[in-house]
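This report concerns only the one structure given below.
The values are calculated or read from the model by the stated rules, or taken from the named source; none is laboratory data. These figures come from a predicted structure and were not determined experimentally. Neighbour counts run over all protein chains shown; Cβ positions are idealised from the backbone, glycine included.
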Amino acid sequence: MDRGLSPIWTIRAHKRVQDMPKNIAVVIASFHKKEADEMLDEVRNFAKHNDIRIVKEKWVPGSMEKPLALKRILNDDGVDGAVALGIIESGETKHGFVMAQAVISAIIGLQLELMKPIGVGIIGPEILPSQIPSRVRPFALRAIQVVVESLE
């Protein structure tokens with residue numbers, strides 16, 4: 001007698017897994033604390049209204065620390081994806097541009113290595129202070145939306 005799952009049970013079991021809330025983490029830089037708090041508020045609000053659980057919020061000093069924090073958190077099987085938030089503003093040199101390239105490259109590498117989505121809500125690089133306020137909430141919102149879409 002075949003004791004395997006019937007096709008109907010397989011579909012139902014799959015449906016149950018899809019219906020389960022997704023667990024995500026948020027890694028956020030504290031360098032621009034006021035704006036970072038707004039970004040986090042936007043992500044929390046979206047999660048609350050879309051059956052997404054934020055199981056970990058990790059504050060790091062800046063964007064360079066995000067890849068390591070993301071890897072440590074995403075190695076947990078109970079975390080399905082993550083959002084990285086922050087700002088890399090314009091400075092007197094191209095340091096921010098180079099830093100952003102390195103951070104984004106590392107984040108893409110983590111997604112491929114761990115097969116878990118990471119929504120990037122890092123404003124910049126080279127953004128002027130006057131350009132930041134109008135981008136804070138939209139960038140954070142899009143970052144969590146990308147993770148949710150990737151988990152479907």
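The set of residues from the range 35-85 being in a strand (DSSP E or B) and either of a type in the set (Val, Ile, Thr) or in contact with a His (Cβ under 7 Å, 6 or more places away or on another chain) (or both) comprises Ile52, Ile54, Val55, Val60, Val83.
Table: residues versus (1) crowded, with 21+ Cβ neighbours inside 10 Å; (2) of a type in the set (S, T, N, Q).
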{"site": "Gly78", "(1), (2)": "no, no"}
{"site": "Gly86", "(1), (2)": "yes, no"}
{"site": "Val98", "(1), (2)": "no, no"}
{"site": "Gln111", "(1), (2)": "no, yes"}
{"site": "Pro129", "(1), (2)": "no, no"}
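Condition (residue is of a type in the set (Ser, Thr, Tyr), on the phi < 0 side of the Ramachandran plot and in contact (Cβ under 8 Å) with a residue 60 or more places away in the chain) applied to the range 140-151: is it met by at least one residue? So far as the range 140-151 goes, yes, one or more of its residues are of a type in the set (Ser, Thr, Tyr), on the phi < 0 side of the Ramachandran plot and in contact (Cβ under 8 Å) with a residue 60 or more places away in the chain. Here Phe97 fulfils each of the conditions (1) closer than 18 Å to Ser30 by Cα; (2) part of a helix (DSSP H, G or I) apart from (1).
Of all residue pairs spaced 6 or more apart or on separate chains, those with beta-carbon atoms under 8 Å, a first member in the range 124-139 that is over 12 Å from Met39 (Cβ atoms) and a second member that is at pLDDT 90 or above and assigned to a loop (DSSP other than H, G, I, E, B) are Ile127/Arg135. Applying a threshold of 8 Å to beta carbon distances and a minimum spacing of six or more residues, or different chains, the list of pairs starting in the range 92-107 at a residue that is touching a residue at least 12 places away in the same chain (Cβ under 8 Å) and ending at one that is surrounded by fewer than 16 Cβ atoms within 10 Å (Cβ to Cβ) and among the acidic types (Asp, Glu) reads Gly96/Glu126; Phe97/Glu126. Looking across Ser105, Ser150, Ser134, one residue alone is assigned to a loop (DSSP other than H, G, I, E, B), polar (S, T, N, Q) and either at pLDDT 95 or above or within 12 Å of the chain's Cα centre (by Cα) (or both). It is Ser134.
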